[in-house]
Amino acid sequence: MFDRFTWGFGRSLDDLQKKKITIIQADPLPLNGTYSDKFRSLVQQKWEKRNIEFVLSSRLDLDKIEPDANGNVYTEKGQPIRADLVVSLRDSI
């Protein structure tokens, strides 16, 4: 289902398997409520098999969105997350 999913410039998710990816999501499941919980759970399972980590029911602390000296950003709950790149989609749509 997601084996052919591509991102920017046609590179596949297989190219990302060596990178650590963490998705922070305010909802208890990835994506948004437009999709069924069953589909959202399936997406989470498939992506976790590709070593994509989820931090659910949480948000980035926008006051600390720039990585600190150790390369960490923080959730609103204070959880540090190592980040080389932060892409915030909060309130973007």
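Please identify which residues in the stretch 45-63 have an amide N closer than 17 Å to a label point set 7 Å out from the Cα of residue 22, following the Cα→Cβ vector.
Label zone hits: 48, 51-63.
With the other protein chains left in place, how much accessible area per residue, in square angstrom, belongs to the stretch 28-79 at a 1.4 angstrom probe?
66
Would you mind classifying the stretch 15-93 by shape? Square roots of the alpha carbon gyration tensor eigenvalues, ordered a ≥ b ≥ c; an a/c under 1.5 is rounded, otherwise it is prolate if a/b is larger than b/c and oblate if not.
oblate
Sort 89, 31 by accessible area with a 1.4 Å probe, largest first.
Sorted by accessible area, descending: 89, 31.
Please list, in order along the stretch 38-52, the HN-Hα scalar couplings obtained from phi with the Karplus expression 6.51 cos²θ - 1.76 cosθ + 1.60 (θ = phi - 60°), rounded to whole Hz, x for Gly and Pro.
Using θ = phi - 60°, the values come out as 4, 5, 4, 5, 4, 4, 4, 4, 5, 6, 5, 5, 9, 6, 8 Hz.
List the pairs from 18/64; 49/77; 20/46; 20/77 whose alpha-carbon separation is above 24 Å, in the order I gave them. Don't skip to the end; give the middle numbers.
Working: 18/64 26 Å; 49/77 26 Å; 20/46 15 Å; 20/77 21 Å.
Result: 18/64; 49/77 exceed 24 Å.
The values are calculated or read from the model by the stated rules, or taken from the named source; none is laboratory data. What you see is a predicted model; the values in this text were computed from it and never measured. Counting neighbours? That spans all protein chains shown, and the Cβs are built from the backbone with ideal geometry, glycine included. Heavy atoms of the whole protein, side chains included, go into the accessibility calculation; ligands, DNA and RNA do not. Shrake-Rupley method; radii C 1.70, N 1.55, O 1.52, S 1.80 Å.
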